[in-house]
Amino acid sequence: LRKHNPKALIEIRHFYSTPRMLRYGTQFRANDTPFDFIENFHRIVQLRMMLGSKVPVHSDPACWRPDELPENIARHMIAAIAGVPMLSMELGELSETGEALIRYYLEIYKTHRPLFANGTWRFRYEFDRVAWLSVKDCKCCAAWVTDEESAKEIITGSPAELCLFNLGANPIMLPPGGTVFNYTGHRMTSDKVLPIAGMVKFRK
């Protein structure tokens, strides 16, 4: 393939993704998990655990029900941008809310893409559950958390700038000093609580 086309993109699927396959693939993709953003996130973390940093890890293409809650659409997108986000949707049939959320989270992904591509990825499991995933360099950090204890752990050890996503099922209490946004990107009046599918930014 490379002799025929040196620029060929070669995707290795989840079950074939091992460190020995790094010489063959240009990208690696999470296995199919339709409608399940938590499992999509879990499989992205599995690949990052096996393959290390600076490896393109693609999410399973996100899809959701036509009547899905907006907060859950946001959680689909938050999970997807832990890898290279992919979609499996009839774009012409999206609601205005769904389209706006896709645009919003893809913009977040593009803004942080240099960090995602070149930073150091770390994670922590609690039994079979991902407690948190983070990527950071010497200046900034982005992290996905699922509960309050995970958020405290990440905030305590963060560099100068931190962008934290709440992928969990409950709001998270925060220390002072952050700027909080809801799942649509609108700034919250209070900086004390990170809502479900919300994002908080800290600058030291």
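At-a-glance table
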{"item": "Pro195 open to solvent by 70 Å² or more (accessible area, probe 1.4 Å), closer than 20 Å to Arg75 by Cα and touching a residue at least 24 places away in the same chain (Cβ under 8 Å)", "result": "no"}
{"item": "Subset of the stretch 169-199 (residues that are of a type in the set (Gly, Ala, Ser) and part of a strand (DSSP E or B))", "result": "Gly178"}
{"item": "Residue in the stretch 6-23 that is at positive phi and open to solvent by 70 Å² or more (accessible area, probe 1.4 Å) present", "result": "no"}
{"item": "For Glu126: the one exception among (1) under 21 Å from Met50 (Cα atoms); (2) in contact with a strand residue (DSSP E or B) (Cβ under 7 Å, 6 or more places away or on another chain)", "result": "(2)"}
{"item": "Count of the stretch 176-192 residues which are free of Cβ contacts under 8 Å to residues at least 24 places away in the same chain, under 23 Å from Lys139 (Cα atoms) and open to solvent by 50 Å² or more (accessible area, probe 1.4 Å)", "result": "2"}
{"item": "Residue list for the stretch 148-188, filter: β-branched (Val, Ile, Thr) and either touching a strand residue (DSSP E or B) at 6+ places or on another chain (Cβ under 7 Å) or at pLDDT 95 or above (or both)", "result": "Ile154, Ile155, Ile172, Thr179, Val180, Thr184"}
{"item": "Residue, nearest to the chain's Cα centre (by Cα), within the stretch 24-60, restricted to residues that are aromatic (Phe, Trp, Tyr) and open to solvent by 30 Å² or more (accessible area, probe 1.4 Å)", "result": "Phe35"}
{"item": "Matching residues, the stretch 110-168, being among the hydroxyl-bearing types (Ser, Thr, Tyr), crowded, with 17+ Cβ neighbours inside 10 Å and not in a strand (DSSP E or B)", "result": "Thr146, Ser150, Ser158"}
{"item": "Subset of the stretch 80-109 (residues that are part of a loop (DSSP other than H, G, I, E, B) and surrounded by 14 or more Cβ atoms within 10 Å (Cβ to Cβ))", "result": "Ile81, Ala82, Gly83, Pro85, Met86, Met89, Leu94"}
{"item": "Tabulated pairs, the stretch 1-19, first part of a loop (DSSP other than H, G, I, E, B), second open to solvent by less than 100 Å² (accessible area, probe 1.4 Å) and among the polar types (S, T, N, Q), C-beta under 8 angstrom, 6+ apart or interchain", "result": "Ala8/Thr26; Leu9/Thr26; Leu9/Gln27; Ile10/Thr26; Ile10/Gln27"}
{"item": "Failed condition for Phe202, given (1) open to solvent by less than 80 Å² (accessible area, probe 1.4 Å); (2) part of a strand (DSSP E or B); (3) in contact with a Leu (Cβ under 9 Å, 6 or more places away or on another chain); (4) under 23 Å from Asn40 (Cα atoms)", "result": "(4)"}
{"item": "Exclusive hit being within 13 Å of the chain's Cα centre (by Cα) and farther than 19 Å from Pro85 by Cα, set Thr156, Thr179, Thr146", "result": "Thr146"}
{"item": "Residue list for the stretch 82-100, filter: in contact (Cβ under 8 Å) with a residue 60 or more places away in the chain and under 21 Å from Trp132 (Cα atoms)", "result": "Ala82"}
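The values are calculated or read from the model by the stated rules, or taken from the named source; none is laboratory data. From a predicted model like this one, the values you see are computed outputs, not experimental measurements. Cβ: placed from backbone, ideal geometry, glycine included. Neighbour counts: every protein chain shown. Protein only, heavy atoms only, side chains kept; ligands, DNA and RNA dropped before computing areas. Shrake-Rupley method; radii C 1.70, N 1.55, O 1.52, S 1.80 Å.
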